[in-house]
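Engineer: The structure that follows is given in the form of structure tokens.
What follows is calculated from the coordinates using simple rules that are stated; it is not laboratory data. Just so it is clear, the structure is predicted and the values come from calculations on it, not from any experiment. Cβ sites come from the backbone with ideal geometry, for glycine too, and all protein chains shown count toward neighbours.
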Amino acid sequence: MKFRVDEFRRWQNRSVTLLGMSGVGKTYLSALLRREDWFHYSGDYRIGTRYLDEPILDLIKSEAMEVPFLRDLLRRDWIAIHNKIRVDDLGPVMSFVGQLGDPNYNGLSLPEFKRRQAMYRKAEIKAMLDVPEFIEKARRIYGYQHFVNDVGGSLCELDEQRVTDLLAKHTLILYIRVPEEDQIKLIRRAQSDPKPLYFRPAFLKSAVNDYLTENSLTYVADINPNAFTRWVFPRLFQSRVPRYEAIARPLGYTVESTEVAMVRDEQDFLALIEVAIARKNEQQSHSVDDHAAD
């Protein structure tokens, strides 16, 4: 959705999609707004509770079946396993996506890793296509006036124009950009606690080949999963920046992560969006004037 500042102020039922890398403040803003009159839609929560719920449970059960005591209990239906995911704790989703590498360090083979990556991609697309339905549900069933869509950092990797077009039609897309001087901080934070990531197939193929070559390794099974995740994150980050920009430039608005860090309540958030709208409209006006002068 596109606005002038006065149009945004008059918008009675606001719907905002937060776009950007993990760690830039999307969930911080969503949690803050949830305390106000905003419905928090977490893409990864929807993925884990709806579209990957059964595969996650199947994975857990297959591991449990390797333990004789649990195997007997499961086969007799004496115990049940449930997927317990919270908006602020998406551990089961991350565990399912997993990491590539040595099975002795809980790494996955390349075929299995690719299979789960493909499943995650399909699930994320479906979760994003559900957004219009949940905007309506949030108001009709739960009585929330506003809606915030907290998307995963991998949205820009999906290469699905229908997803971004749908989000732009039903929500205001707000891209949270990391200034160059702060990028190294985010990268170091991610490297200190490596988590499973989604990769575009072409990026994954190139990254794996480069890592094996740089480390004189022959097989994916020789890769230390955490070491690879730490190594690949800066490359992934840099590859995602232009992809985020390609979404935000025509379809949304941009703020800096440093600006997000200053937000303390709903009014701060709304004021920040107004700044982003005014800034973009001014830039576009200057661009038109420059073309006219030429």
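Engineer: Which of the chymotrypsin sites (Phe, Trp or Tyr not before Pro) across the stretch 125-187 are loop residues per DSSP, with 10 or fewer other Cβ within 10 Å? Could you put the intermediate results ahead of the total?
Structural biologist: Numbers: sites: PHE134, TYR142, TYR144, PHE147, TYR175; in loops: TYR142, TYR144.
Answer by residue number: TYR142.
Engineer: Which of the trypsin sites (Lys or Arg not before Pro) found in the stretch 1-89 are loop residues per DSSP with 13 or fewer other Cβ atoms within 10 Å of their Cβ?
Structural biologist: Answer by residue number: ARG4, ARG35, ARG76, LYS84.
Engineer: Another question about this same structure. If we count every other residue with Cβ under 10 angstrom of LEU172's Cβ, Lys/Arg +1 and Asp/Glu -1, where does the sum land?
Structural biologist: +2
Engineer: For LEU57, what charge total do you get from the other residues with a beta carbon under 15 Å from its beta carbon, if Lys and Arg give +1 and Asp and Glu give -1? Numbers along the way, then the final one.
Structural biologist: Values: positive: ARG50, LYS61, LYS84, ARG116; negative: ASP53, GLU54, ASP58, GLU63, ASP77.
Result for the neighbourhood of LEU57: -1.
Engineer: With an 8 Å cut-off on Cα pairs and a minimum separation of 6 or more residues, tell me the relative contact order of the stretch 5-286 in percent. The partial results should precede the final answer.
Structural biologist: On the way: 364 pairs, mean separation 86.5, N = 282.
Computed over the stretch 5-286, the figure is 31 percent.
Engineer: What is the local net charge at GLN12, summed over the other residues whose Cβ is closer than 13 Å to its Cβ (Lys, Arg +1; Asp, Glu -1)?
Structural biologist: Neighbourhood net charge equals +2.
Engineer: Amide H of PHE39: which non-local residues (sequence gap of 5 or more, or other chain) have their own amide H closer than 5 Å, using H built in the peptide plane?
Structural biologist: Counting only residues 5 or more places away or on other chains, the set is HIS146, PHE147, VAL148.
Engineer: Next question, about the same structure. For the stretch 239-290, which trypsin sites (Lys or Arg not before Pro) are in a loop by DSSP, counting at most 14 other Cβ atoms within 10 Å? Each step should come with its number before you reach the end.
Structural biologist: On the way: sites: ARG240, ARG243, ARG264, ARG279, LYS280; in loops: ARG264.
Filter output for the stretch 239-290: ARG264.
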